[in-house]
Amino acid sequence: AIARYVLAAYLGWGRQRGDFATFLRLDLPARLAKTGVTAAYQTLLAELIELRSGQMAMASISFEVCQALYSQLAGLKRNGWWRPIERIQELDPIHDLLPQTNSGRPTPEVRFVRLGLAHLNELANQKRTDAWFEKLFWQVIRVRTLFYRHAVQRPMTPGLQWFVRFYGRLRPARNPFLARMQFQAAAQVCGHGHGLRSLEVRTSPWADNESLTKNESLTKFVASLEQEHLSLIAESGKPSSEPSSQRRLPLEFGIIFHFTKDRGGGALSGQPKAFWQQSHADPQFIGGQKGGNPTGYRYASFYNQKKLEALALARLLGTYPLSLQVVRGLDVCTDELGVPSWVFAPLLEYVREAANGAAAFARSRLGCVLSPLRTTIHAGEDFVHLLTGLRLVDEAFEQLRLREGDRIGHGVSLGVNPHEWSRRAGRLAMSREDRMWDLVWEWSWYSRSGDVPVKGRLQMIEYQLSILSKWMFRERVEPVELETLSKDLWTRDRLRDVGFPNGPPLGPRDNDQRRYRLLYQWLTCHELFNAGREIVWVEPAVERRALAHLQAQLRKKLGARGIVVEINPTSNLLIGDLEDLTRHPMWRLRPPRPLKHDVPPVGVCVGSDDPLTFNSNLRQEYQCLADSMLLAGLSEEEARTWLDRTRTCGLESRFTIPRVSTSRIRGLIQVPYRTDNSLL
């Protein structure tokens, strides 16, 4: 950053006296004397020498010293981080150093690179050299490229664990910008003024006791975004000379608060322990509030952490009912396999109840009819066995009580061709725990429907479950008991009976000691946890007919209930390790051409997921889909028809709503908030 600033100063006003070395020796010290930074000149020179050589030679110069030097040099201020989006580039410290141009509105970075290349070209034409400038300039370009590579996920890095690491790297570079600036940037990047009708901003809620560290309460954050949204609405309503067909329609806006999954145990830093030891799933690991389970229950500390977020969000909805105009949805996302979704079931239920209370108050006291919170669950994207992906989608649908208008995020397992996947998967290594739950879910499905696609499949499942249960529980547990155990994990009252998350256990409510013991043992027994992490080998090729049957039936169920699958093409291309977009599973979910002997299609909408992480935006996603269909041999008319149908589905399944009241969120009459959080 220091070298970039000094190089920009040289390109902007320092070339009159000669080469860059002369500038460093004569002009720069004179300029620094006027700004009072003369004492740091030797440090600045030492830093430039280090960058030029590519070696850290001055170990005595700390990062804090360099940071202070850059702040003095560029005149940076902590409270100066606000500009409207049209002037956002003015925050770049080199903005005022470089000459302005009338050719479009290039950013300071583009002007810097353009002038630097022109200077190098001029030196080459004159057969002169400037080793100082050349080496520093290319070092700055190299560092910029390294930062891009550090923050933007690149191909050949499949899997959600890579995404979690890349996504976390953005925070230090993004945090200095105010929420309203981030909102303006998101609207611009995703197509405001170019057809964007609905903008869903996703972020995590934070607990009230974290407001001091974030310098912003949850209420203030929501109110600031609402203020920017109202400004956009006012701008769209101004008289315009444009034809009515080209005028901007009001942009709907909503915040989707997501509850992120984190398996712990060093996974975020790329150093997870083997067999999930010291993770949030380990009931015996004691490692602090965020890293251990001192109460002896699986996921206890993680649940308590997310509980604070849920309480803060419920308090916001209960205190300011009209915030339901802006707070529009809940999302369970990130590391899909890192934490089972049953951990979030009580939290989502609690926040939904608070939202329903806010909607009832707004209707009875304020005359505003507000639709309930929507939910999207990221499921079926990250799996070892396709059966796991199907199970996770069905559990999210059934146990988290998704209804018409809710969405499944990604849902790759719903579109994968089971026969082709089984042929290519080979022999799979799975944990006993995952294999057991997959078979329990399949057994339960057949028991409910009575439709078994393969003769003898039900008996084979029962035999495998008997072996797995003996390995894990040290006794045979019947399939119906395992099915009950699975359901109890999703039941708030049952979890409370066994003391989850903080204890002590209350005892069985219906004198069913064995049912109570199995649930308590599952949540607290470290030997059972270790046994569940042992590896079993599975041959999916022999299960392909069962997989095809279960996938078809699950797709029928989701389609009949109006559940839409949210597709993020670039994200899926990287995380799902797809070869190219023509092989994306969404083409089976919503085929451009009718397929023979296939199940009814499922509704699909397109989102941009994380534009920074994947270096994409919503318009680019649609363009990539259009190109993929044309490359696959479809006609332009077929591609256009599919895109229009998908756009319509996206608008119909959006979480945002038109504003029903222009009253600001802050300043409304506060309603009594029910402080009893025993439900959690």
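The values are calculated or read from the model by the stated rules, or taken from the named source; none is laboratory data. It should be emphasised that the depicted structure is a prediction, and the values quoted were computed from it without experimental measurement. No Cβ is skipped: glycine too gets one built from the backbone with ideal geometry, and neighbour counts run over all protein chains shown. These accessible areas exclude ligands, DNA and RNA; they are computed on the full protein's heavy atoms, side chains included. Shrake-Rupley method; radii C 1.70, N 1.55, O 1.52, S 1.80 Å.
Points worth noting:
- Note that the stretch 402-411 has calculated 3J(HN,Hα) couplings of 6, 10, 3, x, 7, 9, 9, x, 6, x Hz, one per residue in order, obtained from phi through the Karplus relation 6.51 cos²θ - 1.76 cosθ + 1.60 (θ = phi - 60°); glycine and proline are x.
- With the simple model of a label 7 Å out from the Cα in the direction of the Cβ, residue 623 to residue 286 spans 5.8 nm.
- Remark: the stretch 412-427, residue by residue, has Karplus-estimated 3J(HN,Hα) of 4, 4, 6, x, 5, 6, x, 5, 5, 4, 5, 5, 8, 5, x, 8 Hz, where x stands for each Gly or Pro and the curve is 6.51 cos²θ - 1.76 cosθ + 1.60 at θ = phi - 60°.
- Over the stretch 538-617, volume per residue of the alpha carbon convex hull, in Å³: 129
- Set of the stretch 634-660 residues, backbone N closer than 17 Å to the point 7 Å along the Cα-Cβ line of residue 404: 649-655
- Residues of the chain: accessible area per residue with a 1.4 Å probe, Å²: 48
- Extension reserve of the residue 356-residue 177 stretch, reckoned as 0.36 nm per residue once the Cα distance is removed: 61.1 nm
- Fully extending the segment from residue 125 to residue 271 would add 47.4 nm, taking 0.36 nm per residue of separation and subtracting the current Cα-Cα distance.
- For the pair residue 470 and residue 76 in one chain, pulling the backbone fully straight at 0.36 nm per residue adds 135.3 nm over the alpha carbon distance.
- Three semi-axes describe the equivalent ellipsoid of the chain; taken as square roots of 5 times the Cα gyration tensor eigenvalues and ordered largest first, they are 49, 30, 29 Å.
- Rounded to the nearest 500, the 222 nm mean residue ellipticity of the chain from helices alone is -15000 deg cm²/dmol, with -39,500 (n - 2.57) taken per DSSP H run of at least 4 residues.
- Contact order relative to length of the stretch 254-313, as percent, for alpha carbon pairs under 8 angstrom and 6 or more apart: 20
- Prolate/oblate/rounded call for the stretch 363-500, Cα gyration tensor, a/c under 1.5 rounded: oblate
- Between residue 230 and residue 517, the modelled label-to-label distance comes to 6.2 nm, taking each label 7 Å out from Cα in the direction of the beta carbon.
- Rounded, prolate or oblate (a/c below 1.5 giving rounded, otherwise prolate when a/b exceeds b/c) for the stretch 402-464 by Cα gyration tensor: oblate
- With R₀ set to 45 Å, the beta-carbon distance separating residue 157 from residue 510 gives a calculated FRET efficiency near 0.35.
- Distance between the 7 Å Cα→Cβ label points at residue 185 and residue 110: 1.7 nm.
- Spin-label zone in the stretch 327-347 - amide nitrogen under 16 Å from a point set 7 Å from the Cα of residue 170 along the C-beta vector: 333-335
- Surface share of carbon and sulfur [accessible, 1.4 angstrom probe, percent] for the chain: 52
- GluC sites (Glu not before Pro) within the stretch 501-592: DSSP coil, no more than 16 neighbouring Cβ in 10 Å: 534, 579
- Label zone at residue 454 (point 7 Å along Cα-to-Cβ), backbone N below 16 Å, the stretch 356-395: 385-391
- Remark: relative contact order (the chain) = 14 percent; criterion is Cα-Cα distance under 8 angstrom and separation of 6 or more residues.
- Tensor-based shape of the stretch 1-143 (alpha-carbon gyration tensor, a/c under 1.5 rounded, otherwise prolate or oblate): oblate
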